[in-house]
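Structure first, commentary second.
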Amino acid sequence: ALLLAALGVSRPRVLEDYALSAQVTNFERLVGERGAWRFLQELPPQVRAPLFAADPAYLEAMFTGIETRHGSVERYLAHRLDVDDAALAQLRDLYLTD
């Protein structure tokens, strides 16, 4: 979501893309696999469910928090993640087409 926002993708499109995650990713399958996700097996399904939900409201809350604290996503990227204008321009050159 932050990458899409940095690329200038509209907020509604970012939220739509995020919501698609629930349709294309089988998070419950990850719980059954070994590795970093394994600890989730110990959680009851009703506790796991919100962790795996791709609810656009979660993402909207993240953007609201960033904008409240930093003024904009771009300022957050610059001040907290050290992504300067040159890096943003490079990302846009790499990922955007005419």
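Quick check, is ALA36 more than 15 Å from the chain's Cα centre (by Cα), at pLDDT below 85 and open to solvent by 60 Å² or more (accessible area, probe 1.4 Å)? Yes; evaluated as a whole, the condition is true for this residue. Which residue pairs have Cβ atoms closer than 8 Å, lie 6 or more positions apart in sequence or on different chains, and pair a first residue in segment 6-33 that is outside any helix (DSSP H, G or I) with a second residue that is at pLDDT 75 or above and exposed (fewer than 14 other Cβ atoms within 10 Å of the Cβ)? Listed pairs, sorted by first residue: LEU7/ARG92; LEU7/TYR95; LEU7/LEU96; GLY8/ARG92; GLY8/LEU96.
Taking the listed residues ARG69, ARG92, the one that is farther than 18 Å from ARG13 by Cα, assigned to a helix (DSSP H, G or I) and either open to solvent by 60 Å² or more (accessible area, probe 1.4 Å) or not hydrophobic (A, V, I, L, M, F, W, C) (or both) is ARG69, with no other qualifying.
Any chance you could count how many residues in segment 72-89 are open to solvent by 60 Å² or more (accessible area, probe 1.4 Å) and over 15 Å from ARG11 (Cα atoms)? Reasoning before the result, please.
Taking segment 72-89 and keeping what is open to solvent by 60 Å² or more (accessible area, probe 1.4 Å), we get 74-75, 79-82, 84-86.
If we keep only those that are over 15 Å from ARG11 (Cα atoms) too, we end up with 75, 79-82, 84-86.
Residues meeting the conditions: 8.
The values are calculated or read from the model by the stated rules, or taken from the named source; none is laboratory data. Predicted, not measured: the structure shown is a model, and the values here were computed from it. Reconstructed Cβ throughout: ideal geometry from the backbone, glycine too, with neighbour counts over all protein chains shown. These accessible areas exclude ligands, DNA and RNA; they are computed on the full protein's heavy atoms, side chains included. Shrake-Rupley method; radii C 1.70, N 1.55, O 1.52, S 1.80 Å.
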